[in-house]
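What follows draws every value from the coordinates through simple rules; no lab data is involved. Since this is a predicted model, take the numbers as computed values, not measurements. Ideal geometry is used to build each Cβ from the backbone, glycine not excepted, and the neighbour counts take in all protein chains shown.
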């Protein structure tokens, strides 16, 4: 049992704990209200909604609210502890005056309840405080997540007064770091143990305020907004980890060996203690191991060896690894862009090679491959809800091909005036493209996601184009021309959007009607194919018969022209011959007649049998028997007998 002097000292320290905790709660409450007013509340003249215009600035409300909650809990603990120690002092005074009766003991006086209240408070209150802290963190994270998701795409937080936002963050840093460090120093005394989580969360608030000041300064000096967005994601994730840690500690406390007293409250973060608790990281790990295993692990030789050599080596190794982030490589067939603090330093692309930069996360070299041909598919959704890609080798009209089919509105030829002349058509449009070397900045930094923007442009251009063409043209001979038109239109829209992309090829694949109408559509296609076949046969017959008719016509014309030419020449020759004969007749009529007579016998009667009779033999009678071969030729004639007569 403690003496009166020790109890008086403990009572005084409990009062000091209560006073310090009240001061901490006031500081935390003031900082929380300031963050809500300047970082979360909507301002009508702010484009983002809040005056600070910084997600990191708004996230300071988490550590300051937690610090306020813990300060209130520590103040209550100090108040109850002071009353309990004062009660113990009164018990000692009563014992000295021997104010006891036989059936009454001082320790069992119902008037002395502060001790039991302190014991119950220190036993059950930490669990309630931890649960409240977890609920508070989860509620704030859901609030921030909903606020960020409701923000319009492409809208980044911008402060109303960037320099004023920096000053506000610095004020938050000052009013959080000094009380936080003071509370951590006071927590060395076991009587002020409950101030350690308050100081840890105030120091965490200082760290968040420092990041917010750096983000606002980057916007003020360099007009950089991406740093604030990325830093907010890191801080948000860190608070999520701390919330999960509190849940794990809350659960593991039920399985802690009861042979040892808990060295720290349940609601105290071990992760924050690794960086804020006096004594260093190694000592904090030792305390955690002793607490979890139920015996003094830090007293073993293995831990002593690890504490002496292992941790310095790990720290040195981490520093070396961090230093190696200063080296970056631009690979073959790649170009790089150098960034420092999220800002482009030089717009001239870096050629392949090894380069030095600022260490992560202050410097970065982003690599792009300008020779690689990339492909995106416009139209169907090829990845299902389970993340499995569906890319069929063969597309059948009566089967499902992709995770989600695409349906484009296309024109349709119909004679039914009661229905709209349109149809639905499923199409897959692979777009192959490359990054332009002269537009690398546009591709990487002008648009948040140039690949996604190209897909959206492809969807818009395809929807507009297919609404103006026939479904049969797309599914048959007009596909090649349609691909060329889509290529030109998508390239033009990509250039207008400044994507920095060169379209290499646009293809149209898997054009098919919807699955539920494919059987009827197949009949329409069959009839169309028969019609096209008849037309082609007619064209073939036309191409076969027309040349023959043309050749026959040309031959007849040539024959007629030849006949006309021949008749004309013969007539002219006959006319000239007749004129010459007329001249000969007029000159020597007898000779002309004789010559013509002989020519007639020679030419016209060449094959006729001829009989030559003497004109002086008047009474000679000849009997001719034409049934036998005539022998009236001069060679066969008996000239001697004729001469004698």
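Evaluate the Debye formula for the stretch 520-580 with equal point scatterers sitting on the alpha carbons, no solvent, and hand back log10 of I(q)/I(0) at q = 0.18, 0.19 Å⁻¹, in q order, two decimals.
With no solvent term, the Cα-only Debye profile gives -0.77, -0.80.
With label points built 7 Å along Cα→Cβ from the Cα atoms of residue 452 and residue 147, find their separation and express it in nm.
Result: 2.3 nm between the two label points.
In terms of the Cα gyration tensor, with a ≥ b ≥ c the square roots of its eigenvalues, is the stretch 327-368 rounded because a/c is under 1.5, prolate because a/b exceeds b/c, or oblate? Before the final figure, lay out the partial values.
Values: a/c = 2.31, a/b = 1.44, b/c = 1.61.
The shape class here is oblate.
Give me the one-decimal nm value for the distance between modelled label points at residue 251 and residue 138, 7 Å along each residue's Cα-to-Cβ direction.
1.2
Roughly how many nanometres apart are two label points built 7 Å out from the Cα toward the Cβ at residue 323 and residue 574?
Simple spin-label model gives 12.4 nm for this pair.
Please order 591, 499 by the number of other Cβ within 10 Å, starting at the fewest. Don't skip to the answer; put the middle values down first.
Values: 591 11, 499 24.
Lowest count first: 591, 499.
Please work out how much length the chain gains when fully extended from residue 229 to residue 41, using 0.36 nm per residue of separation minus the C-alpha to C-alpha distance, in nm with one decimal. It would help to have the intermediate numbers written out before the result.
Details: separation 188, 0.36 × 188 = 67.68 nm, distance 1.85 nm.
So the extension gain works out to 65.8 nm.
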